[in-house]
Each structure stands twice: as structure tokens, then as C-alpha cells.
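Inspection log for the structure reproduced underneath, given as C-alpha cells.
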Amino acid sequence: MAKRRAAVTAVAEPDFLQFNDLACEAVGGKVIFATDEWFAPAANLLKREPPQFIASAFTEFGKWMDGWETRRKRITGHDWCIVQLGVPGLIYGVDVDTSFFTGNHSPHVSIQAACLDEAPTFSLEGDRTGTAASDSQLAAVAKLGSKAWPEVVCVSELKPGYSDCCHNYFKVNFNQRVTHLRLNMHPDGGIARLRVYGVGQRDWSSVSPYQDVDLVALTNGGVCLGYSDAHFGHPRNMIGLGRAVNMADGWETARRLDRPKYLKADQRGILQVPGGEWAVFRLAHPGEINRIEVDTYHFKGNFPDSCRIEVCSLTSEEEAQCVRSRWNSGKWQVLLPPQKLRPHHRHLYGEAELALRSPATHVRLIISPDGGVSRLRLWGRPTAPPTGAPTHQKRPASKL
């Protein structure tokens with residue numbers, strides 16, 4: 001059960017993996033109900049870290065597994081749980097990961113979704129291993145009527161948890177804001193992780209036009225739409241909550257192979273190199289940026305030498321064209337001229353360092369020559385969207 005087959009063929013990853021995981025525990029996602037958690041608790045589904053397997057690990061209830069695993073069902077029905085998203089929003093796809101569940105994975109799965117006006121008051125606390133839902137918990141969850149929620153993933157087969165087939169990707173076409181999911185196992189078994197990829201949606205009507213907000217934050221609806229390289233860490237990590245927990249919680253590129261054999265710098269100490277790496281974000285709301293934070297926390301021997309930030313204002317059609325061209329087109333203007341960076345440091349830039357003050361819909365962070373950035377914050381004030389500006393109500397272009 002523990003051994004994982006080596007990958008046989010490379011499978012193209014779906015486009016929606018570019019977006020944010022709205023259910024991860026790192027953004028506040030949590031499991032608030034589960035029918036059964038005998039071998040392993042449902043809370044494991046939302047862990048930030050990839051699943052692991054420890055051959056010698058057992059509990060008094062059986063083999064320890066890093067996921068959600070129910071007992072072998074001997075009564076009618078099927079097992080299911082309710083997930084409360086950490087960031088409500090539009091969902092574009094899910095990954096039902098069965099890693100290491102090779103003889104005990106759930107054979108089929110389905111997912112339902114809802115947007116609840118008020119979050120349920122009940123939750124699951126403590127270590128739930130070896131437990132099942134009580135009568136009072138079943139009565140409380142019944143009030144949600146989750147059995148009738150719209151289906152966003154129909155009953156579908158799951159592959160076992162070998163390394164070449166453990167990621168079960170499902171595209172979602174559901175143009176409504178989601179706050180909660182019902183994950184159904186048919187009929188029982190194990191799932192290691194649930195990743196829910198989408199874009200957050202905030203109620204901007206409650207935000208004062210005189211209030212500074214982080215216009216690129218994941219929680220507000222910022223999203224990465226393209227990048228040049230993400231060898232060690234995806235750029236979407238930069239718009240996550242709080243400060244990074246380690247280097248893996250940031251954006252880190254491979255070392256560029258076109259670096260000069262001997263490095264030289266200009267008068268400001270900025271290295272003169274031929275290339276750089278970039279990441280593009282759509283702002284959560286069009287706005288005028290007045291403060292910037294570029295944090296290289298944890299990146300001590302692999303921070304970029306310098307960075308600059310560009311902005312533009314795009315319509316939906318222009319955004320789609322830029323996505324198709326891998327962002328080789330666009331009307332970019334320099335917001336933050338090249339800045340020398342330091343290791344393991346929070347760099348703050350105010351109006352004095354900014355080269356322009358105009359509303360934008362998209363930003364591009366460019367680092368030179370390569371390296372890692374843990375967080376990017378773009379503080380500013382929302383402005384009225386320009387005519388034709390993209391919104392998160394629209395589906396993204398087919399290829400990111």
C-alpha cells in the first residue's frame with residue numbers, strides 16, 4: 001500500500017492550477033462536518049503540506065494515513081463532509097488527491113456547492129480519529145439541506161494514489177460565488193487532499209473610496225495570470241496571508257543560465273544582467289497603488305538582486321490576448337523603477353519612489369536575474385473600473 005509507482009508518462013496539467021486554493025487551511029478553510037473519521041480525520045484534506053506516508057505509523061484504530069479515511073462501510077448510504085472555504089469566490093477546478101491511498105482510496109467522488117448567507121455555527125474540534133458523526137451533529141448539518149446543493153462535479157471515478165495518477169483533476173463550470181462545498185465519497189475510503197482552485201470575491205460596496213486596501217491580496221480577489229518560471233515555488237504564493245512560513249511559501253525561480261560569467265554592477269550596485277523573471281497579476285479591483293511591499297523573508301542566499309514593477313489597464317479582450325501571447329503584449333508602464341534588494345528583508349516603497357499615479361487593472365513584478373520573493377503587497381484605493389475591464393465574474397482565457 002505504501003509504495004508509489006514511478007511516473008510513466010507526463011500528463012498536461014489543467015489551466016486552473018494557476019489560481020488560488022480557496023479551501024486550504026492556510027487561508028482559513030476548514031472541515032465543519034464529516035460522517036466518519038475512523039482511520040484519519042477529514043481536517044487533513046485541507047493541509048498546506050503535500051501528503052506523506054510513514055510505513056511504521058499506526059494508531060489504535062489502524063494504519064495512520066495523511067488524509068481523510070473512513071471505515072469500511074457496513075451500513076446504507078455513503079460518507080461525506082462539509083468544507084467551509086477560507087476565501088469565498090468563483091471555483092474553476094478541483095484536485096482530489098489520493099496520494100498513498102492505493103488499496104483504500106474512495107472509488108468515486110462527487111462535489112456539491114452552495115453560497116450560504118451565514119456561516120454555520122458548528123465545527124469539528126480536536127483529534128477526530130476513530131469517531132463518527134453524532135446524532136446531534138447529523139441533526140445540525142441536516143438544516144443546511146446540503147443533499148440538494150447544486151452539483152459542480154458529478155459522480156466521477158477516482159484513480160488510486162500512485163504518483164502517476166493520484167491527482168484527479170476536475171474542471172468546474174459554475175458561475176456563482178461559493179462559500180461551502182459538500183465532498184461525497186462513494187461509498188467510503190480515503191482521500192489525501194482536496195484543492196479548490198479559484199478566485200476570491202469580496203463585497204467591494206463596503207469598502208470606502210478613502211480606504212487603502214491590498215489590491216493584489218488573495219483574500220480580496222487578486223490572482224496570478226502568468227509567469228516566466230516557477231521552478232521552486234509558484235508566484236501565487238506571494239499574495240497569500242501573513243508572512244511566509246518558509247521558502248516554499250513564496251515564489252522562487254531556477255537560476256538563469258544566461259547569467260554573465262563575471263557579474264558587473266552600475267553606480268547603484270544593481271547587477272547588469274541580460275534577463276529577468278516575471279509574474280503577472282490581475283488586481284482584485286482596479287485601483288491606484290500608492291504603497292508597495294516586496295518581502296524577501298527566508299530568502300537569504302537566493303534573493304533577487306533587484307526588482308521593478310510595471311502596471312497597465314486592460315479590457316477583458318486585451319487580457320485574453322495577453323494570456324494567449326504569454327504576456328508578450330500589453331501597455332506596460334513603470335510604477336516602481338529598478339530597486340536593489342536585500343536578503344531576508346521587508347522592502348517598503350512609498351509615493352516618493354513611485355514613478356506614476358494612475359489606475360491600473362494588472363501588475364507585473366520583474367526580478368533580476370532570478371531568485372525568490374515571499375510576499376508582494378500593493379496598497380492603494382479602489383477606483384471605478386474602466387469600460388470593458390475584466391471582472392472575476394467572467395471565465396478566464398482558455399490558456400494561461
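General remarks:
- Candidates LEU241, LEU124, LEU257: whichever shows maximal mean-square fluctuation once the chain is modelled as a Gaussian network with Cα springs under 10 Å: LEU257
- When you filter the trypsin sites (Lys or Arg not before Pro) in the range 327-392 for DSSP loop state and at most 11 other Cβ atoms inside 10 Å of their Cβ, you are left with ARG357.
- Charges were assigned to the Cβ only: +1 to each Lys and Arg, -1 to each Asp and Glu. The resulting dipole of the chain about its Cα centre is roughly 740 debye.
- The range 226-285 and the range 39-76 have their alpha-carbon centroids 37 Å apart.
- Binned Cα-Cα distance frequencies in the chain - 10 Å width, integer %: 5, 21, 29, 23, 15, 6, 1, 0
- Excluding exposed DSSP-loop GluC sites (Glu not before Pro) (at most 14 other C-beta within 10 Å), longest clean stretch of the chain: 126-350
- Sites HIS78 and ASN246 - FRET efficiency at Förster radius 41 Å, r taken between beta-carbons, to 0.05: 0.60
- Alpha-carbon spread of the range 271-378, three principal axes, descending order, Å: 41, 28, 23
- Fraction of the pair-distance distribution of the range 116-249 above 19 Å, Cα-Cα pairs, percent: 70
- Remark: spin-label model distance ARG71-GLU13 equals 3.9 nm, labels positioned 7 Å along the Cα→Cβ axis.
- Whole-number D in µm²/s for the range 181-282 (Stokes-Einstein; Kirkwood sum over Cα pairs; 25 °C, 0.890 mPa s): 139
- Surface analysis of the chain yields an accessible area of 46 Å² per residue, using protein heavy atoms and a 1.4 Å probe.
- Comparing mean-square fluctuations of PRO260, PRO120, PRO235 from a GNM of the chain with C-alpha springs under 10 Å, the top value falls on PRO260.
- Rg to Rh, two decimals, where the range 58-164 supplies the alpha carbon set and Rh follows Kirkwood: 0.95
- Solvent-accessible area, 1.4 Å probe, carbon plus sulfur percent, for the range 27-101: 55
- Label reach from GLN52 (point 7 Å along Cα→C-beta): in the range 279-305, no amide nitrogen lies under 12 Å.
The values are calculated or read from the model by the stated rules, or taken from the named source; none is laboratory data. Values in this document were obtained by computation on a predicted structure and should not be read as measured data. Every residue, glycine as well, gets a Cβ built from its backbone with ideal geometry; the counts of neighbours run over all protein chains shown. In case anyone asks, the SASA skips ligands and DNA or RNA and just uses the protein heavy atoms, side chains included. Shrake-Rupley method; radii C 1.70, N 1.55, O 1.52, S 1.80 Å.
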